[in-house]
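J.: Okay, handing you the structure first.
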């Protein structure tokens, strides 16, 4: 397996005429990642964390998150990875500024993608969300010879494809956790290592507004164990009407080697 972080500055791509600088930067970032994975003979991208400045701001006539999605999808298609179905788990988080950063995990074994029955798969979103749909799976199981991982993508208050509970951070938190619970149920149908539970996940919670911290923590507390590891981070989220996003990871030992 392989973990890496790549940083690219958009100013290095500002002279390109095809698309926006962010689109070109994103396309090149994923090109480099896919080339690296090919060279290392670890071709399966499991998880990506994408960090970009001003994610909800409109530039070049389009929201920056939508520009990012175009560039990401272009790279996936160029390297014949496809943009639906067998795609990695991911999140896209907005920072105040700085370069595009992509952290990623990959390996020799393919991931088994998992979708959420409460939601339309992100890669099938309608055109109202931009020219290119987001290229990620809601969750995935990855099996190594002695260990199984569950990766859950950044999860928010979305039913079908629409944001629910706008302006209400407590109910957005409850809806996000309900979506995670639905994904965990789907994962347990496929797990070879026993059932996963909400309590055993390690969570990262992104808050658009730092002053929502107490409300989100109080909302999560009755649903999780006091020992459940949760990290809170102030950051922007991929839709301007989303106030909170939650991701998670867990792992189990596998008794038998992969067949």
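The values are calculated or read from the model by the stated rules, or taken from the named source; none is laboratory data. Fair warning: this is a prediction, and the values are worked out from it, not measured in the lab. Note: ideal-geometry Cβ built from the backbone for every residue, glycine included; neighbour counts use all protein chains shown.
Conditions tested, residue by residue: (1) surrounded by fewer than 19 Cβ atoms within 10 Å (Cβ to Cβ); (2) touching a residue at least 24 places away in the same chain (Cβ under 8 Å); (3) under 24 Å from residue 155 (Cα atoms); (4) out of contact with any strand residue (DSSP E or B) (no Cβ under 9 Å at 6 or more places or on another chain).
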{"site": "1", "(1), (2), (3), (4)": "yes, yes, no, no"}
{"site": "4", "(1), (2), (3), (4)": "yes, yes, yes, no"}
{"site": "15", "(1), (2), (3), (4)": "yes, no, no, yes"}
{"site": "31", "(1), (2), (3), (4)": "yes, yes, no, yes"}
{"site": "37", "(1), (2), (3), (4)": "no, yes, no, no"}
{"site": "42", "(1), (2), (3), (4)": "yes, yes, no, no"}
{"site": "51", "(1), (2), (3), (4)": "no, yes, yes, no"}
{"site": "63", "(1), (2), (3), (4)": "no, yes, yes, yes"}
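J.: Shifting gears a bit: Can you confirm whether the range 163-172 contains a residue that is modelled with pLDDT of 95 or more and within 17 Å of the chain's Cα centre (by Cα)? Full working, then the answer.
T.: Here is the first cut: in the range 163-172, the residues modelled with pLDDT of 95 or more are 163-172.
Checking the rest, the ones that are also within 17 Å of the chain's Cα centre (by Cα) come to 163.
Within the range 163-172 (the criterion being modelled with pLDDT of 95 or more and within 17 Å of the chain's Cα centre (by Cα)), the answer is yes, since at least one residue qualifies.
J.: So which of 59, 84 ends up being under 28 Å from residue 243 (Cβ atoms), out of contact with any strand residue (DSSP E or B) (no Cβ under 8 Å at 6 or more places or on another chain) and modelled with pLDDT under 95?
T.: It is 59.
J.: Ok, one more. What strands (runs of 3 or more DSSP E) completely inside the range 1-109 contain at least 2 residues that are touching a helix residue (DSSP H, G or I) at 6+ places or on another chain (Cβ under 7 Å)?
T.: Numbers: elements: 2-8, 44-53, 89-95, 100-107.
Hits in the range 1-109: 2-8, 44-53, 100-107.
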